[in-house]
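Each remark here refers to the structure printed beneath this line.
The values are calculated or read from the model by the stated rules, or taken from the named source; none is laboratory data. What you see is a predicted model; the values in this text were computed from it and never measured. Cβ placement follows ideal geometry from the backbone for every residue including glycine, while neighbour counts extend to all protein chains displayed.
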Amino acid sequence: MRSATATAHPNIALIKYWGKRDAALNLPAVPSLSITLDGFRTETTVRWGAPADLVQIDGRRVEGKEAARVLAFLDRIDPARPPVEVLSQNNFPAAAGLASSASAFAALALAATAAAGLQPDRQALSVLARQGSGSAARSLWGGWVVWDRGERPDGLDSHAWPLAPADHWDLRLVVAVVSGSRKPVGSTEGMIRTQQTSPLFPAFVAAAPERLRLAIQAVQDRDLAALGEQMERSTYEMHATMISAWPPVRYWQEGTVACLRTVEELRAQGVGAWSTMDAGPNVKVLCEAAQAEGVAERLREHAARVEVLRIGGEPRVE
Ligand code: DP6
């Protein structure tokens, strides 16, 4: 039996991934850009050659669909694999309002390949992690990360790459947790429904390359107003196509709108803060480090919990 432990951090997309050009290989309809978060992490230990398959997350044995998704991922690494134990621990509560699938599959890709005695490079690990959950492709690096849509049918050109390290630009992401309860529609199901039924989906896809180009330029120039605009536009374009799906994929709650309005008010008062949202009701706000506490204070009026997070988070194998 061989064992390996890896840690990886969640990431938040600034230019959004929503929709798949190939569902079986999990290839995205659009390219995306994210920041990896420091502090919060998933730590995963894999024992390759155990008495029986076992998947444990946060101290609880998981079964059914959740375990099947992890075991299918291990089968991709080696279809003739021995029984494997996966023990995974998140240091952030589910109620923190952050998706854990990105850090989970990035940590699993690292730990499982190391335990299997393989030494893939990070690009190959990104291709592998993508097949567990798309956003996981981006958690193989810290800092600012781009995930290419790629053109190849086999998906080998659809992996992430590091645009800039964490210390390139000292921003903060303020996370306003409007609700910590489980989302009614998961992102995979939501995406597929959106692309099958929303007449706005092609417009979201068509706008994405230009959003990404302008956002990359803004990161290189450290131009927060330019980046903030592209991030908010990508977010609203994604939510417009979700809401126009049938039945609608609508994650917004009353508190969501209150937070979005607060950020607009802050901006009118001269505070450089811009919002983004994912497949849930929580609002994430990008701003300068010096203004993060003031932004958080205002959001506390509408959110049950507010966290100020730094950019960082290189993954590693212990
Ligand atoms: C809204 O990566 O969770 O957070 O590939 O189906 O597992 P699957 O989806 P997932 O979707 C993330 C969607 C998003 C935007 C983003 O992270 O880019």
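Summary of values
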{"item": "Qualifying residues in the range 114-134 (those that are free of Cβ contacts under 8 Å to residues at least 60 places away in the same chain and of a type in the set (S, T, N, Q)) - the one nearest to the ligand (Cβ to nearest atom)", "result": "Ser126"}
{"item": "Ser179 vs. criteria at pLDDT below 95 and within 26 Å of Glu293 (Cβ to Cβ)", "result": "yes"}
{"item": "Failed condition for Gly180, given (1) within 16 Å of the ligand (Cβ to nearest atom); (2) surrounded by fewer than 20 Cβ atoms within 10 Å (Cβ to Cβ); (3) assigned by TED's automatic domain parsing to the domain that holds Pro209", "result": "(1)"}
{"item": "Out of Pro209, Pro165, Pro199, sole residue that is closer than 16 Å to Arg21 by Cβ and at pLDDT 95 or above", "result": "Pro209"}
{"item": "Total residues in the range 268-289, condition surrounded by 22 or more Cβ atoms within 10 Å (Cβ to Cβ) and charged (D, E, K, R)", "result": "2"}
{"item": "Test: residue in the range 141-148 that is in the same structural domain as Val263 (by TED's automatic domain parsing), in a loop (DSSP other than H, G, I, E, B) and within 30 Å of Arg261 (Cα to Cα)", "result": "no"}
{"item": "From Gln230, Gln195, Gln220, residue being in a helix (DSSP H, G or I), in the same structural domain as Glu301 (by TED's automatic domain parsing), within 13 Å of the ligand (Cβ to nearest atom) and not acidic (Asp, Glu)", "result": "Gln195"}
{"item": "Given (1) at pLDDT 95 or above; (2) within 15 Å of the ligand (Cβ to nearest atom); (3) among the basic types (Lys, Arg), index of the condition Arg172 fails", "result": "(2)"}
{"item": "Qualifying position, being over 14 Å from the mean Cα position of the chain (by Cα) and assigned by TED's automatic domain parsing to the domain that holds Pro162, among Ala114, Ala102, Ala129, Ala106", "result": "Ala114"}
{"item": "Those residues of the range 290-318 which are modelled with pLDDT of 95 or more, surrounded by fewer than 19 Cβ atoms within 10 Å (Cβ to Cβ) and aliphatic (A, V, I, L, M), in sequence order", "result": "Ala290, Val308, Val317"}
{"item": "Subset of the range 198-212 that is surrounded by 19 or more Cβ atoms within 10 Å (Cβ to Cβ) and of a type outside the set (A, V, I, L, M, F, W, C) - its residue that is nearest to the ligand (Cβ to nearest atom)", "result": "Arg211"}
{"item": "When residues of the range 264-318 are limited to those that are of a type in the set (D, E, K, R) and assigned to a helix (DSSP H, G or I), the one nearest to the ligand (Cβ to nearest atom)", "result": "Glu264"}
{"item": "Some residue of the range 135-152 being more than 23 Å from Thr7 (Cβ to Cβ), surrounded by fewer than 19 Cβ atoms within 10 Å (Cβ to Cβ), more than 16 Å from the ligand (Cβ to nearest atom) and of a type outside the set (A, V, I, L, M, F, W, C)", "result": "yes"}
{"item": "Strands (runs of 3 or more DSSP E) contained entirely in the range 3-103, each with at least 1 residues that are more than 11 Å from the ligand (Cβ to nearest atom)", "result": "20-22, 32-36, 42-48, 54-57, 84-90"}
{"item": "Conditions (1) outside any helix (DSSP H, G or I); (2) over 15 Å from the mean Cα position of the chain (by Cα); (3) in the same structural domain as Val55 (by TED's automatic domain parsing): number failed by Val185", "result": "(3)"}
